[in-house]
Amino acid sequence: MCIRIFAGLFLLVQCAFAVAEVTKVTVVIDHAPPYSYTENVEQPSGLILDILRPITQELGVEIKTVSCPFSRCIHMLEQGEADVMGGLIRTPTREQQLTFLTPAYMALHSSFRFYSLRAAELTVRDYEDLYGKRIAVMRGAAHFSRFDKDAKLMKVPVTSEQVAVEMLLKHRVDLFIGVEDTADHAMSVLQQPTEQLAKQPYHFEDSIFGHIAFSDGFAKTELAKKITARYREMANEGELTELVAPYALPPVPTYSL
């Protein structure tokens, strides 16, 4: 009789943990206008929340948002201190610690472009011209492989593209690197003095994909599996394309196995 009671209590405890597991998802968000806003606002906002809210509402799950610099957000996700982050480029290194959702909701055929002050009369015609220049890079961001692995370049970590532009205007760096489409859009939204900036001739064209990523621990939960399934349904039904359209992003491809 005692064994049966104990077994029943054990099952109740298990059920309680199961319920607790699916009541909240922690989303880390960095300040990256126009795709996300965390500074000078009452509540964080942006595309990743536009996508997740209808899913979590259907599932009866609460979203907890944590605002952080990009590199800190990545660290929290990798350490399992957060569950979800958006807008991440998929790399072999990141795949060792994170789980990426497909299809990507940001799909750009753009360039990694280097920006300088127009008045600096600086010219970068090929990759080798980058040497000896102070280059602002967003801390923790992924670019193209040669650039990311090159330890001989003078890279100056910054917390956002906005800070990179400000450092450029103050002559604290010579260049900053950004995805051309998103950087141009962000600078126009932030009303930064783009007329003072020049795009350098050298650039690296690439297909650039921004994904939702889960921490490995969260990816193993039933909640993550349900979010993944609903997310892919939204891609196939055109709902994701409707959500990304106001951000001037191209249609999201359908999901296929």
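What to note about this one:
Every residue, every condition in (1) closer than 23 Å to PRO34 by Cα; (2) among the hydrophobic types (A, V, I, L, M, F, W, C); (3) under 24 Å from the mean Cα position of the chain (by Cα), yes or no:
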position	(1), (2), (3)
THR123	no, no, no
TYR127	no, no, no
LEU130	no, yes, no
LYS133	no, no, no
VAL137	yes, yes, yes
HIS143	yes, no, yes
GLU161	yes, no, yes
LEU169	yes, yes, no
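- Residue among ARG94, ARG53 that is closer than 18 Å to ALA235 by Cβ, among the charged types (D, E, K, R) and either surrounded by fewer than 16 Cβ atoms within 10 Å (Cβ to Cβ) or in contact (Cβ under 8 Å) with a residue 12 or more places away in the chain (or both): ARG53
- When restricted to residues that are in contact with a Leu (Cβ under 7 Å, 6 or more places away or on another chain), assigned to a helix (DSSP H, G or I) and under 14 Å from ILE177 (Cα atoms), the stretch 84-140 contains 1.
- Residues of the stretch 229-257 satisfying the condition of being in contact (Cβ under 8 Å) with a residue 40 or more places away in the chain, over 29 Å from GLY178 (Cα atoms) and of a type in the set (Ser, Thr, Tyr): none
- THR23 vs. criteria modelled with pLDDT under 95 and farther than 27 Å from LYS155 by Cβ: yes
- Within the stretch 148-184, the set of residues being assigned to a helix (DSSP H, G or I), of a type in the set (Asp, Glu) and surrounded by fewer than 21 Cβ atoms within 10 Å (Cβ to Cβ) comprises ASP148, GLU166, GLU180, ASP181, ASP184.
The values are calculated or read from the model by the stated rules, or taken from the named source; none is laboratory data. The model shown is predicted, which means the values in this text are computed figures rather than measured ones. Note that each Cβ is placed from the backbone with ideal geometry, even for glycine, and that neighbours are counted across all protein chains shown.
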